[in-house]
1. Here are ALA223, ALA186, ALA182, ALA190: which of them is out of contact with any Pro (no Cβ under 6 Å at 6 or more places or on another chain) and of a type in the set (Gly, Ala, Ser)?
2. Does the stretch 148-189 hold any residues that are within 20 Å of the chain's Cα centre (by Cα), of a type in the set (Gly, Ala, Ser) and crowded, with 18+ Cβ neighbours inside 10 Å, and which are they?
3. Any residue at all in the stretch 189-198 that's farther than 21 Å from VAL60 by Cβ, in a helix (DSSP H, G or I) and at pLDDT below 95?
4. Please state which one of GLU100, GLU92 is out of contact with any Cys (no Cβ under 8 Å at 6 or more places or on another chain) and closer than 30 Å to ASN150 by Cα.
5. Could you list, ordered by first residue, the pairs with Cβ atoms under 9 Å in which the first is in the stretch 64-87 and among the β-branched types (Val, Ile, Thr) and the second is part of a helix (DSSP H, G or I) and surrounded by fewer than 17 Cβ atoms within 10 Å (Cβ to Cβ), at least 6 apart or interchain?
6. Under the condition of being of a type in the set (Asp, Glu) and at pLDDT 55 or above, which residue from the stretch 8-31 is nearest to THR214 (Cα to Cα)?
7. Just give me the residues in the stretch 204-239 being farther than 23 Å from THR43 by Cα, in contact with a helix residue (DSSP H, G or I) (Cβ under 7 Å, 6 or more places away or on another chain) and modelled with pLDDT under 85, in sequence order.
8. I'm trying to understand the selection: among the residues of the stretch 88-118, which are free of Cβ contacts under 8 Å to residues at least 60 places away in the same chain, surrounded by 13 or more Cβ atoms within 10 Å (Cβ to Cβ) and hydrophobic (A, V, I, L, M, F, W, C)?
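The values are calculated or read from the model by the stated rules, or taken from the named source; none is laboratory data. All values reported here derive from a predicted model rather than from experimental measurement. Cβ coordinates were reconstructed from backbone atoms using ideal geometry, including for glycine residues, and neighbour counts include every protein chain displayed.
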Amino acid sequence: MAENRLTHAEDKVHTPRARSIREVVFGVNDGLVSITGIIVGVTSSRMSSHQIIISGLAAVIAAAVSMGLGQYLSTVAQNEYFLAERGREYREVAEIPHEERAEVEQIFRRQGFNSDETKTLTARITADPDRWVDFMMKEELGILLDSLDNPWTSSVVMALAVIAGSIPPILPYLLIPNAQLAEIWAIISAIVVAFGLGVLKAKVAKSLWWRSGTQFLLVTAAAVVIGVIGGDLLGRAFG
């Protein structure tokens, strides 16, 4: 029974899948919201279609590069932190094994094991330093080194997600010569995609689809309103 519960506990692995989905959703939403706000803003400032497209594409490149590099740096920092924590756990296991062994026992007691089971499992875990450190990393800190993210992969995923989110508001301007008509379709496309993205996030997070979709829609709508107001004011101010 004890071994079965231990195996079950060890099977609870926080894989990078959830983080990857979070990065994709965040990147697509960032590209969608920021580019929609910019593209609607420059349209409201009475720029020509050519100027709007150039401005939008420049904004997409800047956003993709910025978010990609930001993701790279944050992933590197996270990995360095995880490895530093592993080094600290190794030092504690070597220097204060009695305290670390007591922490292992406390963890098993919190999981519902009785005294005999706790002693048996603690002896098994602490018999091997590597297994001991891995156990403490997972159970005490919630860190699994097997799921360290690759900084370059995370960076590319984020950049591509931003570009994907930028397509709906820009595409109408590439297909429709009339800037005002293209603006209407850009707003409609952005709102539909935003709602769909919220529904996708709800499926992953197992939350209410309509609430999540509405949240994403409202954020995009806010970007549209701010873009229209800002663009109109800039157009009036600078002619």
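1. Answer to the check: ALA223.
2. Selection gives SER154, SER155, ALA159, ALA161, GLY165, SER166.
3. yes
4. Result: GLU92 is the single residue among GLU100, GLU92 that is out of contact with any Cys (no Cβ under 8 Å at 6 or more places or on another chain) and closer than 30 Å to ASN150 by Cα.
5. THR75/TRP152; THR75/THR153
6. If we filter the stretch 8-31 for residues that are of a type in the set (Asp, Glu), which is where we start, we get 10-11, 23, 30.
Filter once more, so that each one left must be at pLDDT 55 or above: 23, 30.
On the way: GLU23: 20, ASP30: 16 Å.
My answer is ASP30.
7. VAL204
8. VAL93, VAL104, ILE107, PHE108
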